[in-house]
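Student: Structure below; questions to follow.
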């Protein structure tokens, strides 16, 4: 957390310039993840690339909420980025992580279904569509075989993210 102190000696050159709008392949995947969460999954609240203090330390690429569950989407543009993700504390201890349902989204071939941690889904961002390669199917994700995709989630971290986003909105 940054602490800002007012000072009469502060000059405009001391204030950092506003960061440029994100761009590039990763940001394009994050935007597609947001559209997928809103459209296909029917999430009514979605956050993307939010930097917030949470008990888990996790800063999801995209996360959406429906009435009773949350859906996490981690976007990967390279295999090395995917492999580095496994070293994060909330990946090694999945109960620290966020998202009732968890997905990786990447271009086809970066990650295969055989590479996934237990219970994770996989989305391929193809030319004009998002293809579900692995994950829950149908409209009732909490039933039958889909139950294997349900994760215990860190609700405290999810609430901290929502509160942070609301606070920023004013």
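The values are calculated or read from the model by the stated rules, or taken from the named source; none is laboratory data. What you see is a predicted model, and the numbers here were worked out from it, not measured in a lab. Here Cβ is always computed from backbone atoms with ideal geometry, including for glycine, and neighbour counts include all displayed protein chains.
Student: Would you please name the residue that is surrounded by the most Cβ atoms within 10 Å (Cβ to Cβ), looking only at residues in the range 138-153 that are at pLDDT below 90 and outside any helix (DSSP H, G or I)?
Tutor: Checked the range 138-153; the qualifying residue surrounded by the most Cβ atoms within 10 Å (Cβ to Cβ) is 141.
Student: Right, here's the next one. Tally up the residues in the range 84-110 that are more than 17 Å from residue 60 (Cβ to Cβ) and in contact with a helix residue (DSSP H, G or I) (Cβ under 7 Å, 6 or more places away or on another chain), please.
Tutor: Looking only at that region, the number is 1.
Student: Additional query: Scanning the range 28-65 for residues that are under 12 Å from the mean Cα position of the chain (by Cα) and at pLDDT below 90, which turns out nearest to residue 93 (Cα to Cα)?
Tutor: Restricting to residues being under 12 Å from the mean Cα position of the chain (by Cα) and at pLDDT below 90, the top hit is 58.
Student: Given the conditions (1) in contact with a helix residue (DSSP H, G or I) (Cβ under 9 Å, 6 or more places away or on another chain); (2) within 19 Å of residue 158 (Cβ to Cβ), and given that residue 72 satisfies all but one, which numbered condition is not satisfied?
Tutor: Just one mismatch for residue 72, condition (1).
Student: If you don't mind, another one. Tally the residues that are under 20 Å from residue 136 (Cβ atoms) and surrounded by 19 or more Cβ atoms within 10 Å (Cβ to Cβ), restricting the search to the range 42-64.
Tutor: Result for the range 42-64: 7.
Student: Could you check the range 111-137 and list, in sequence order, the residues that are part of a loop (DSSP other than H, G, I, E, B), touching a helix residue (DSSP H, G or I) at 6+ places or on another chain (Cβ under 7 Å) and more than 14 Å from residue 101 (Cα to Cα)?
Tutor: 111
Student: With the requirement that a residue be within 17 Å of the chain's Cα centre (by Cα), closer than 18 Å to residue 154 by Cα and surrounded by fewer than 19 Cβ atoms within 10 Å (Cβ to Cβ), what does the range 91-130 give you?
Tutor: Listed by number, the residues that qualify are 91, 92, 93, 94, 95, 117, 119.
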